Amino acid sequence: MKEGAKMYLDEIKDVIQAKGISTKDIAWRLGVSPSTVYKKLSGRSEMTVSELLNICDALRISPKLLDFE
């Protein structure tokens, strides 16, 4: 995984923790399985830009808040 990708995944995980949202809740909002969300957030599976935007939407955050480098 590229270093920049790891940084935004860490930021997304921080938001999830701060908001007290579970992987199961995010999966439900996205219409996917919790294991899919886990794999995406752990970097075990590549995340598309569309998936990243959907996660940001599910978390009700702007993608601009993520530090893309």
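The values are calculated or read from the model by the stated rules, or taken from the named source; none is laboratory data. Note that the structure is predicted; figures quoted are calculated from it, not measured. For accessibility, only protein heavy atoms count, side chains too; no ligands or nucleic acids. Shrake-Rupley method; radii C 1.70, N 1.55, O 1.52, S 1.80 Å.
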For the range 22-34, Karplus-derived ³J(HN,Hα) couplings (6.51, -1.76, 1.60; θ = phi - 60°; whole Hz; x for glycine and proline) come out as 8, 4, 4, 4, 5, 4, 4, 5, 8, x, 10, 7, x
Length-normalised contact order for the chain - Cα pairs under 8 Å, 6+ apart - percent: 43 percent
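Mean shadow of the chain, computed from the convex hull of its alpha carbons, in nm²?
Mean orientational projected area (the chain, Cα hull): 4.1 nm².
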With a 1.4 angstrom probe the carbon and sulfur portion of accessible area for the chain, in percent, totals 53 percent
Hey, what's the chain come to in accessible area per residue, 1.4 Å probe, Å²? 69 Å²
